[in-house]
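The values are calculated or read from the model by the stated rules, or taken from the named source; none is laboratory data. On a predicted model such as this, the values are computed, not experimentally measured, just so you know. Reconstructed Cβ throughout: ideal geometry from the backbone, glycine too, with neighbour counts over all protein chains shown. Side chains included, ligands, DNA and RNA excluded: accessible areas come from the protein's heavy atoms. Shrake-Rupley method; radii C 1.70, N 1.55, O 1.52, S 1.80 Å.
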Amino acid sequence: MFNGNCEEALNFYVKALNGSIGQISRFADAPAANTMGMDPQNIMHSHFMVDGNMLFMASDGAGNDKDSGIVSLTLNFTDTGSIQNVFSKLSDSGTVTMPLQDTFWGATFGMLKDKYGVKWMLNYDKPKS
């Protein structure tokens with residue numbers, strides 16, 4: 001849920017995650033009784049795809065959510081370059097809460113809160129030698 005900047009956030013995630021925006025329904029598309037007093041151009045429902053097999057749904061919501069970051073999303077990677085690239089893009093104008101680093105459990109791991117308040121955990125389990 002976003003507070004009026006869902007479309008901006010989706011465009012940010014297109015670049016950060018190399019994804020694509022699918023279906024978008026705006027409040028203007030709904031019958032007048034179902035607009036919940038929202039800006040007609042705000043997004044009521046949308047689909048965001050990554051790699052053709054990961055689907056997120058996003059919305060501007062009903063305008064009463066104070067914090068869009070109440071959920072942490074975890075992304076798992078298969079190589080060092082990809083995790084570094086995505087971590088850098090998602091953290092742009094956000095807050096890194098744990099820098100991307102090698103961990104004692106054999107992974108590269110980091111956490112951040114992006115500029116839209118969404119919390120992310122990124123993980124790459126290194127191959128065992």
Exercise. Of the conditions (1) among the aromatic types (F, W, Y); (2) in contact with a Phe, Trp or Tyr (Cβ under 6 Å, 6 or more places away or on another chain); (3) surrounded by 19 or more Cβ atoms within 10 Å (Cβ to Cβ), F56 fails just one. Which one is it?
Worked result: (3)
Exercise. What is the residue count in the range 1-56 for residues that are among the small types (G, A, S) and in a loop (DSSP other than H, G, I, E, B)?
Worked result: 5
Exercise. Quick one: is T97 among the polar types (S, T, N, Q), in contact with a Lys or Arg (Cβ under 9 Å, 6 or more places away or on another chain) and either in a loop (DSSP other than H, G, I, E, B) or buried (at least 19 other Cβ atoms within 10 Å of the Cβ) (or both)?
Worked result: no
Exercise. Taking interchain pairs and intrachain pairs at least six residues apart, which have beta carbon atoms under 6 angstrom, with the first residue in the range 100-118 and touching a residue at least 60 places away in the same chain (Cβ under 8 Å) and the second open to solvent by 60 Å² or more (accessible area, probe 1.4 Å) and assigned to a loop (DSSP other than H, G, I, E, B)?
Worked result: K115/S93
For this session: Please name all residue pairs, on different chains or six or more residues apart, with Cβ atoms under 7 Å, provided the first residue is in the range 1-29 and is under 12 Å from A58 (Cβ atoms) and the second residue is part of a helix (DSSP H, G or I) and among the small types (G, A, S).
Result: F2/A9
Problem set entry | Of the criteria (1) within 19 Å of S25 (Cβ to Cβ); (2) over 16 Å from the mean Cα position of the chain (by Cα); (3) modelled with pLDDT of 90 or more, which one M49 fails | (2)
Seminar exercise, completed: All-but-one check, P31 against (1) open to solvent by 70 Å² or more (accessible area, probe 1.4 Å); (2) of a type outside the set (A, V, I, L, M, F, W, C); (3) modelled with pLDDT of 85 or more, failing number (3)
